[in-house]
Every structure is written in C-alpha cells, then in structure tokens.
1. So which residues in segment 186-211 are assigned to a helix (DSSP H, G or I) and either in contact with a helix residue (DSSP H, G or I) (Cβ under 8 Å, 6 or more places away or on another chain) or over 17 Å from Ala161 (Cβ atoms) (or both), if there are any at all?
2. Answer yes or no as to whether Ala99 is surrounded by 14 or more Cβ atoms within 10 Å (Cβ to Cβ) and at pLDDT 90 or above.
3. Limited to segment 27-45, what total is found for residues that are surrounded by fewer than 16 Cβ atoms within 10 Å (Cβ to Cβ) and touching a helix residue (DSSP H, G or I) at 6+ places or on another chain (Cβ under 8 Å)?
4. Out of curiosity, is Gly53 under 21 Å from Glu215 (Cβ atoms), surrounded by 20 or more Cβ atoms within 10 Å (Cβ to Cβ), small (Gly, Ala, Ser) and modelled with pLDDT of 90 or more?
5. Hey, among the residues in segment 2-26 that are among the small types (Gly, Ala, Ser) and more than 19 Å from Pro145 (Cα to Cα), which one's surrounded by the fewest Cβ atoms within 10 Å (Cβ to Cβ)?
6. Please pick out the residue among Lys214, Lys222 that is assigned to a helix (DSSP H, G or I) and among the basic types (Lys, Arg).
7. Is it the case, given these coordinates, that Ser196 is over 25 Å from Leu75 (Cα atoms) and either crowded, with 17+ Cβ neighbours inside 10 Å or in contact with a strand residue (DSSP E or B) (Cβ under 7 Å, 6 or more places away or on another chain) (or both)?
8. Scanning for something aliphatic (A, V, I, L, M), modelled with pLDDT of 95 or more and part of a strand (DSSP E or B), does segment 143-159 turn up at least one residue?
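The values are calculated or read from the model by the stated rules, or taken from the named source; none is laboratory data. No experiment lies behind these values; they were computed from the predicted model shown. Glycine also receives a Cβ, built like all others from the backbone with ideal geometry; neighbour counts cover every protein chain displayed.
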Amino acid sequence: MNLTVRLFAVLRERAGTSELVVEDLPDELSIGELKGVIRDRFPELGDLSSAAGVIGTTYARDDARIAAGDEVALLPPVSGGAPSPAETDYESGVFELSAEPLDPGALAARVTAPACGAVVTFTGTTRDTNRGQDVVRLDYEAFEPMTGPEMARIFDECRSAHGDPEDSGRGLRMLCVHRVGTVAVGEPSVVISVASPHRDRAFAAARFLIDTLKERLPVWKKEVYADGHHWIGDRS
C-alpha cells in the first residue's frame with residue numbers, strides 16, 4: 001500500500017514538505033515499522049524514536065497497526081483549532097486556538113459563575129532568554145484537527161481526577177486558550193482558567209491541565225534568536 005504521512009514542526013522543516021508519500025508498503029504494518037521505513041528512506045529526518053505516531057486524531061503506540069486508507073501523522077515531541085463542540089460548555093471544558101493576543105482577565109471572566117467561589121488562572125508568557133540566548137520571538141505551530149479531540153480527553157481526565165464526585169458537573173468550569181503563530185516577548189502564549197466552588201480543586205485542576213497539555217497537546221514552539229532558532233522539545 002501507499003501512505004501519505006503528515007509532518008509537523010521540526011520534522012516538516014527537515015523534510016522540506018508537510019507530507020511524505022511512502023510507497024510500496026506491506027498491506028498492514030505498525031507505526032514502529034513505518035517509522036523504520038521512513039528513517040531508512042528519508043535519513044534527513046534523523047532519529048524518529050521519540051516521534052509520536054497518530055492515526056486519525058488519536059495517539060498510536062508503536063505496535064498499533066496501520067491499514068490502507070488510515071490518516072497517519074508523525075509528531076515530534078510537543079513543547080507544551082477548533083473550539084470544543086459546545087462553545088459555552090465550560091463544565092465539559094472549552095479549548096480554543098487563537099492567532100490574536102490573549103487577555104487573561106477577559107478569559108477568566110468567561111468561567112466565572114455564581115456557584116464558584118474560586119477562579120484560578122495560569123498564564124504562560126514568553127520570556128526574553130532561554131538556553132543562554134536572547135529570544136526575539138516565539139513561533140507556534142499546531143496540528144489543528146487533533147488539538148480539540150486531544151484537549152477534550154485531557155478535560156475528561158481532569159474532571160475525573162479533580163472534580164467533585166458529589167456534583168453532577170464535577171464542580172469545575174474549565175477554559176484553555178493557546179496561541180498559534182508569532183508571539184512577542186512578554187505576551188501570553190497560553191491561558192488556563194478554572195472555576196470551582198472551592199480553591200483546592202481549582203488549583204489542582206489548573207496545574208493538571210497545564211502539565212498534561214505540555215506533555216500531549218500537538219502544539220510546537222520554535223524559539224527564534226537573532227542568529228537562528230530551535231524547536232523546543234526536539235530530542236532527535
């Protein structure tokens with residue numbers, strides 16, 4: 001079979017294209033086997049052992065089987081769209097990508113509700129130095145079709161871990177907005193706001209969301225310096 005494999009961030013940059021056509025493959029093979037074929041045929045991509053496979057919009061282990069017609073992508077480690085299906089369903093969690101500057105205060109106001117006595121907001125901003133170099137700006141890239149579904153799974157896990165089991169809505173109202181495109185030094189790149197009847201659950205949920213987002217959300221950050229750039233999370 002033939003497969004078209006989508007690439008992002010540093011892998012796209014190395015390949016010089018956002019898609020690879022990989023021909024003459026077995027009728028069925030695993031993600032790990034596909035990575036081996038691509039490594040041999042496209043050595044410019046480097047070591048793919050830390051790259052994550054995706055089938056459709058779900059992360060796939062290296063032993064997951066690929067069939068003809070599957071939509072496949074290889075993702076470099078994330079550096080941590082579409083909004084959630086119900087844009088105002090903050091109990092389920094709302095996620096958005098934004099090409100415009102973020103206003104943390106306005107975003108926090110969106111989750112505020114009379115039943116909630118605590119609102120916790122985390123704002124991640126662009127710092128001016130990293131890796132011993134002066135940062136000029138950040139460029140963010142996202143695998144947009146996957147960000148919404150993956151963030152929905154993260155919201156579900158957060159409700160299960162930190163919601164109130166005696167509250168049918170789990171007692172949490174959650175919003176996450178992440179920038180894409182160019183973000184200047186000092187500007188917010190991600191804002192997470194959580195409202196809850198009690199502060200302990202709000203703090204715990206906000207921490208869970210930012211930590212898990214950084215591990216799993218397919219959004220990549222390129223630090224741009226005066227004399228070059230570096231994809232954060234690149235371990236190849």
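1. First pass over segment 186-211, keeping only residues assigned to a helix (DSSP H, G or I): 199-211.
Residues satisfying the conditions are Arg201, Ala204, Ala205, Phe208, Leu209.
2. Spelling it out, it is not the case that Ala99 is surrounded by 14 or more Cβ atoms within 10 Å (Cβ to Cβ) and at pLDDT 90 or above.
3. Residues that pass the stated criteria total 2.
4. On the way: under 21 Å from Glu215 (Cβ atoms): yes; surrounded by 20 or more Cβ atoms within 10 Å (Cβ to Cβ): yes; small (Gly, Ala, Ser): yes; modelled with pLDDT of 90 or more: yes.
So Gly53 passes the test.
5. Filtering segment 2-26 for residues among the small types (Gly, Ala, Ser) gives 9, 15-16, 18.
Those still in the list that are more than 19 Å from Pro145 (Cα to Cα) too: 15-16.
Numbers: Ala15: 17, Gly16: 8.
Per the criteria, the residue is Gly16.
6. Numbers: Lys222 fails: assigned to a helix (DSSP H, G or I).
So the residue among Lys214, Lys222 that is assigned to a helix (DSSP H, G or I) and among the basic types (Lys, Arg) is Lys214.
7. On the way: over 25 Å from Leu75 (Cα atoms): yes; either crowded, with 17+ Cβ neighbours inside 10 Å or in contact with a strand residue (DSSP E or B) (Cβ under 7 Å, 6 or more places away or on another chain) (or both): yes.
Spelling it out, Ser196 is indeed over 25 Å from Leu75 (Cα atoms) and either crowded, with 17+ Cβ neighbours inside 10 Å or in contact with a strand residue (DSSP E or B) (Cβ under 7 Å, 6 or more places away or on another chain) (or both).
8. No; the residues of segment 143-159 include none that is aliphatic (A, V, I, L, M), modelled with pLDDT of 95 or more and part of a strand (DSSP E or B).
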